[in-house]
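Bear in mind that the values in this text are calculations on the coordinates, not laboratory data. Everything numeric here is computed off the predicted structure, so don't read it as measured data. When we count neighbours, we look across all protein chains shown, and the Cβ atoms used for this are built from the backbone with ideal geometry, even at glycine.
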Amino acid sequence: MFTQVSDSVGAGFVSSIARPGGNITGFENFQPKIAGKWLGLLKEAAPFVTRVGILLQLENSSLATLRQVIEKPAPELGLGATALGVRDATEIEHAIATFAEQPNGALIVLASPVTIRNRELIGGLCTRYRLPAIYMFRYFATSGGLIAYRPDQLDQWRGTARYVDRILKGEKAADLPVQAPTKYELVINLKTAKALGLVVPPALLARADEVIE
């Protein structure tokens with residue numbers, strides 16, 4: 001049984017979503033459609049944005065897949081997308097500073113050991129350079145990030161427990177389809193918005209599951 005997997009077929013966990021085969025199934029934590037949602041939320045919070053930098057750790061295959069699904073819908077929203085590959089704090093500082101040299105930019109920060117470890121640094125740099133940013137997990141927003149949007153992890157863990165119960169009662173993992181997220185959480189940091197000079201639209205605030213003030 002797995003959870004917190006972005007691409008179970010691409011990673012080789014299962015042969016297909018509907019019919020996993022073998023002795024494993026589970027819950028994926030991201031679907032391609034979330035890329036369009038991240039881009040849309042950025043445009044809603046900061047309508048002036050025309051450029052998006054995708055901050056990601058180099059040599060991570062699952063993040064490379066997410067990068068591709070972000071780049072695909074970007075033109076439909078009038079956005080240019082640029083990958084900013086990093087390996088450490090020094091490269092993070094350089095990448096963000098360089099990207100901020102041109103106006104109307106924003107960031108999508110993909111979670112990895114490098115970005116998680118340096119999340120306060122990233123939040124501080126985004127504030128310094130007035131870059132709105134959206135993140136994959138709540139703890140980025142509590143560390144100074146503007147917006148976090150992600151699947152509800154508790155909901156997925158409950159689903160995992162239900163699958164375990166069914167398997168223990170005799171069902172085969174191979175017959176249980178891999179499940180996509182169905183419930184998402186939106187977190188907005190108003191303190192960061194004010195530091196960026198942004199006024200978050202009331203309609204967006206009303207949809208938030210949590211507002212940090």
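Give the relative contact order (percent, whole number) for segment 98-188; include only Cα pairs under 8 Å separated by 6+ residues.
Averaging sequence separation for qualifying contacts and normalising by length gives 26 percent for segment 98-188.
With N denoting the number of residues in segment 1-99, provide Rg(C-alpha) divided by 2.2 N^0.38 Å, to two decimal places.
1.27
Taking K and R as +1 and D and E as -1, what net charge do the other residues with C-beta under 13 Å from the C-beta of Leu58 add up to?
My count for the surroundings of Leu58 gives -1.
Which of the peptides 195-208, 127-140 is most tightly packed, and how do the rest follow, going by the mean number of other Cβ atoms within 10 Å of each residue?
Ranked from most to least packed, the peptides come out as 127-140, 195-208.
Evaluate the relative contact order of the chain (contact order divided by residue number), counting alpha-carbon pairs under 8 angstrom at least 6 apart; express in whole percent.
This gives 25 percent for the chain.
Within a Cβ distance under 14 Å of Ala46, other residues only, what is the Lys/Arg minus Asp/Glu net charge?
Local charge sum for Ala46: +3.
Once every DSSP H run of n ≥ 4 in the chain is given -39500 (n - 2.57) and the sum is divided by its residues, what mean residue ellipticity at 222 nm do you get, rounded to the nearest 500 deg cm²/dmol?
Calculated at 222 nm, the ellipticity per residue is -11500 deg cm²/dmol.
Compute the projected area of the convex hull of the Cα atoms of the chain, averaged over all viewing directions, and report it in nm² to one decimal place.
Working: hull surface 46.9 nm².
Mean orientational projected area (the chain, Cα hull): 11.7 nm².
Hey, got a sec? Which chymotrypsin sites (Phe, Trp or Tyr not before Pro) in segment 20-95 land in a DSSP loop and have at most 12 other Cβ atoms within 10 Å?
The qualifying sites are Phe48.
Under a 10 Å cutoff between Cα atoms, tell me which one of Gly26, Gly145, Gly12 has the largest fluctuation in the Gaussian network model of the chain.
Most flexible of the set in this elastic network: Gly12.
Mind checking which of Ala148, Ala206, Leu125 is farthest towards the positive end of the chain's charge dipole, using Cβ charges of +1 (Lys, Arg) and -1 (Asp, Glu) about the Cα centre?
The listed residue farthest towards the positive side: Ala206.
With charges only on Cβ, +1 for K and R and -1 for D and E, what is the dipole size of the chain about its Cα centre, in debye, rounded to 20? Working shown, then result.
Values: 23 positive and 20 negative charges, 53 e Å.
Computed about the Cα centre, the dipole is about 260 debye.
Distance between Cα centroids, segment 149-180 to segment 37-109: provide it in whole Å.
Between the Cα centre of segment 149-180 and that of segment 37-109, the gap is 32 Å.
Tally Lys/Arg at +1 and Asp/Glu at -1 over every other residue whose Cβ is under 10 Å from the Cβ of Phe140; what's the total?
Summing Lys/Arg as +1 and Asp/Glu as -1 gives +2.
Dipole of segment 24-77, Cα-centred, from +1 at each Lys and Arg C-beta and -1 at each Asp and Glu C-beta, to the nearest 20 debye?
120
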